[in-house]
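K.L.:
Quick one: this structure, given as C-alpha cells, is what I'll be asking you about.
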Amino acid sequence: MGRRKKRVKLKRKVIRPGKYFQCPRCGSLTLTVSFEKISEEEKIGIATCGTCGLYCEVKVPTRAERIDVFNAVSDMAYEGSLESRCEERKVGPEDMEEHVGEEEGE
Ligand SMILES: [Zn+2]
C-alpha cells in the first residue's frame, strides 16, 4: 500500500513515418534518404541502404522530398542503370551525422 508507481521515462525515440524505404537492390526496409543543398534550385538526394551498402546520389529540385529521391532510385533499378550510376559504400552510424564542408563566413 502507498506504493508509488514508478515513473517510466519515455525514451526519446522518434520514428518518422516513411523514413525508411525498401531498397530496390536488396529488398530490405533500410534505405534512407538525406539531402545536401547545393544551390537555391537544386539539392542532392543521397540514398543509402544500411543492409547492402547501396549509395546513390540524385540531383533533385530543392522542393523534392525523400519519396522523390526514392522513386528516382527505384526507376534506375528498374531500368538496370543502378549499378552504373550508384556506388557501393560502407556507411557507419557516425557518417550519418557527419558535417562536412561547413563554410566559415567572413
Ligand atoms: Zn539494399
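K.L.:
Within segment 77-97, is even one residue hydroxyl-bearing (Ser, Thr, Tyr), at pLDDT below 95, more than 15 Å from the chain's Cα centre (by Cα) and surrounded by 11 or more Cβ atoms within 10 Å (Cβ to Cβ)?
P.N.:
In the first step, residues of segment 77-97 are kept if they are hydroxyl-bearing (Ser, Thr, Tyr); the result is 78, 81, 84.
If we keep only those that are at pLDDT below 95 as well, we get 78, 81, 84.
Right, trim to more than 15 Å from the chain's Cα centre (by Cα) and you get 78, 81, 84.
Then keep just the ones that are surrounded by 11 or more Cβ atoms within 10 Å (Cβ to Cβ); that gives 81.
Yes: one or more hits.
K.L.:
When segment 21-77 is examined, which residues are found to be touching a residue at least 12 places away in the same chain (Cβ under 8 Å), within 16 Å of the ligand (Cβ to nearest atom) and among the polar types (S, T, N, Q)?
P.N.:
Matches in segment 21-77: Ser28, Thr30, Thr32, Ser34, Thr48, Thr51, Ser74.
The values are calculated or read from the model by the stated rules, or taken from the named source; none is laboratory data. All figures in this text were calculated on a predicted structure; none of them were measured in a lab. In this analysis, Cβ positions are derived from the backbone assuming ideal geometry, glycine residues included, and neighbour counts consider all displayed protein chains.
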